[in-house]
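Here's the structure, in structure tokens; my notes come after.
FYI, it's all coordinate maths here, none of it is from the lab. None of the values given here were measured: they were computed from a predicted structure. Quick reminder, even Gly has a Cβ in these numbers, built from the backbone with ideal geometry, and neighbours come from all protein chains shown.
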Amino acid sequence: MKPIIGINVDIHHGPAQEAAVQGNYIRAVQRAGGIPVLVPPMPDDDLNQVLSRINGLMLIGGDDYDPKHYHEEACEKVRLAEPARDDFDIRLIQKAVVANNMPVLGICAGAQALNIGLGGSLIQDIPSELVHSKVQHKSPNGWEKGWNFHQVKIEPKTKLAQIYGDTTIDVPTSHHQAVKRLGAGLTAAAHAEDGIIEAVEYEDKPFTIGVQWHPERDFDKNRKLFEEFIKHAAALAPVASR
């Protein structure tokens, strides 16, 4: 049977509050062989039931998580995610990652949430803290004008290096925050030329990876990442009855 992949959702304030996921995330799961289902904010008792029924978890991009999670005040460049998403996503990570070996793929803000959910911290605004960096991490008006791409160097002997089969790739990028202090169990798996951490891995988990770039926006070049994610999730899926 195809594995079921839970995808967290973005929350739009409203006046009628909405839960939303960009179609590229859904299509990436489908093209890689999984069945996507959306996981909106919910109480822990309900979440426990959901986690017992899905085989993998994708954490999507979005606005910034509250720096209170790593004991800092938000700088003026921070654009906070809706509190309902912020609170839920951190609980979701702690249950999915800390409590079990569910395959997890974090993308952009999803990678950042993975890091802070495990006790790490973030660079709140790259241009403010790395003023001399020449790497264009942000992509203003990317949907209209196209996304910036920059080079990422993958650390050898990492899961990412095994997946991509290369140590240097060009990635679509759209972020102003990044991992600062690594969360418990995580290692840096890739860097940009300015030293920014571009990917993290949980060494003691079969598949817990966060990438700062947006692989779903360049699926063909990142197909192996999604397929490896789905392969690990499929190992947890029940065998179809005959």
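Per-structure values
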{"item": "Qualifying residue in the stretch 100-112 (condition: surrounded by fewer than 18 Cβ atoms within 10 Å (Cβ to Cβ) and either more than 16 Å from the chain's Cα centre (by Cα) or under 28 Å from Glu129 (Cβ atoms) (or both))", "result": "yes"}
{"item": "Single residue of the stretch 201-227 satisfying the filter (under 23 Å from Lys134 (Cα atoms) and of a type in the set (A, V, I, L, M, F, W, C)) that is surrounded by the fewest Cβ atoms within 10 Å (Cβ to Cβ)", "result": "Val211"}
{"item": "Contacts under 6 angstrom Cβ, first residue in the stretch 103-125 being over 12 Å from Glu198 (Cα atoms), partner of a type in the set (A, V, I, L, M) and surrounded by fewer than 21 Cβ atoms within 10 Å (Cβ to Cβ), 6 or more apart", "result": "Gly117/Ile90; Leu118/Ala184; Gly119/Ala184; Gly120/Leu182; Gln124/Val78"}
{"item": "Within the stretch 30-77, considering residues that are assigned to a loop (DSSP other than H, G, I, E, B) and among the small types (Gly, Ala, Ser), the one surrounded by the fewest Cβ atoms within 10 Å (Cβ to Cβ)", "result": "Ser52"}
{"item": "Subset tally (residues that are part of a loop (DSSP other than H, G, I, E, B) and acidic (Asp, Glu)) for the stretch 78-119", "result": "1"}
{"item": "Subset of the stretch 1-27 that is hydrophobic (A, V, I, L, M, F, W, C), touching a residue at least 24 places away in the same chain (Cβ under 8 Å) and in contact with a strand residue (DSSP E or B) (Cβ under 8 Å, 6 or more places away or on another chain) - its residue that is farthest from Asn222 (Cα to Cα)", "result": "Ile11"}
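One line per residue, one yes/no per condition, for (1) in contact (Cβ under 8 Å) with a residue 60 or more places away in the chain; (2) crowded, with 20+ Cβ neighbours inside 10 Å:
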site: Ala161; (1), (2): no, no
site: Val171; (1), (2): no, yes
site: Ala199; (1), (2): yes, yes
site: Phe229; (1), (2): yes, yes
